[in-house]
């Protein structure tokens, strides 16, 4: 299979943009992902709604383009994309993934961070439990589970005191 | 109540082993149930101090101890709190003495003997990666 180009000239809402994989990743690095309603793209281990990413990168109003356009643009830049399925307890695998990754695999890149999990998805990751809960409340979200992703043996094992 | 074992990343292991982890709602804080490892080697229920902070549990004047966790001394303070577990079909709530620890190295809470195992019959079917919790009826004296 040919490797995907990581530089693209795209036209969105009648305006031309030169986008690169790295530029997009850099643009969303300090950005809090919004809740995923349906479609998502994975950027540096975090899931974003495609329209949020394109808005962040281009400065366009999100009413100016569709979710489908945003998703297609990001897929062409090589970002894995997927879709949450509410009825199922598991999310569909990202489009560019060869095999479905389990939650534990997807959590590896978030070692040391606090995560809120719902339907086997990472709803949000944050640097502290307080930030995580603030995000949930701000976005009216409910998690099914919260924990810190283990970053070492002690964190992973529990090492119960007697 | 039945639960499947869950996998968490384990940086020290070659492969991930699913473990008996359940989500516990502490003091009715429904928006973030706390992931907890069921640990028959622990004598008590223990969480990080952040859980008390998130739930607004007052710990000033609480029973306090120093305990060793992973070679480090930890300050642990106890409060009696309400806990709830639920599977897809049913749920069970109970009051338990919980020790809130600072610092807290584990990535999750620990459900130990006092406060958890004395409230449930616990079946751990590791070969099937399945966990069953049957609430024990309260004794009336």
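Every number here is computed from the coordinates shown, using simple stated rules; none is lab data. All values reported here derive from a predicted model rather than from experimental measurement. Don't worry about glycine lacking a Cβ; one is built from the backbone with ideal geometry, like all the others, and counts go over all protein chains shown.
What the table shows:
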| item | result |
| --- | --- |
| Where Rh is the Kirkwood radius over Cα pairs, Rg/Rh for the protein assembly as shown | 1.03 |
| Number of partner chain Cβ atoms within 10 Å, mean per residue of B:102-109 | 6 |
| Residue order, fewest to most surrounding Cβ atoms within 10 angstrom, among B:83, B:54, A:103 | A:103, B:54, B:83 |
| Relative contact order %, segment A:103-150, counting alpha carbon pairs below 8 Å whose residues are six or more apart | 45 percent |
| Rg and Dmax of segment A:103-150, Cα atoms only, in Å | 9.8, 28 |
| Normalised contact order of chain B, rounded percent, pairs of Cα under 8 Å and 6 or more residues apart | 30 percent |
| Shape category assigned to segment A:1-73 from the gyration tensor of Cα positions, a/c cut at 1.5 | rounded |
| For A:117, B:67, A:54, B:123, order by how many other beta-carbon atoms lie within 10 Å, fewest first | B:123, B:67, A:117, A:54 |
| Peptide A:127-134 - average C-beta neighbours from other chains (10 Å radius) | 3 |
| Ranking of B:36, B:101, B:55 by count of other Cβ atoms within 10 Å, fewest first | B:55, B:101, B:36 |
| Three-way shape call for chain B based on the alpha-carbon gyration tensor, with the a/c threshold at 1.5 | oblate |
| Globularity ratio of segment B:63-128, using Cα Rg and 2.2 N^0.38 Å | 1.31 |
| Residue mean of other protein chain beta carbons inside 10 Å, A:136-146 | 4 |
| Burial order of peptide ranges B:89-98, B:73-82, B:103-112 (average beta-carbon count within 10 Å, highest first) | B:103-112, B:73-82, B:89-98 |
| Helical mean residue ellipticity (222 nm; -39500 (n - 2.57) per DSSP H run of 4+; nearest 500) of chain B | -1000 deg cm²/dmol |
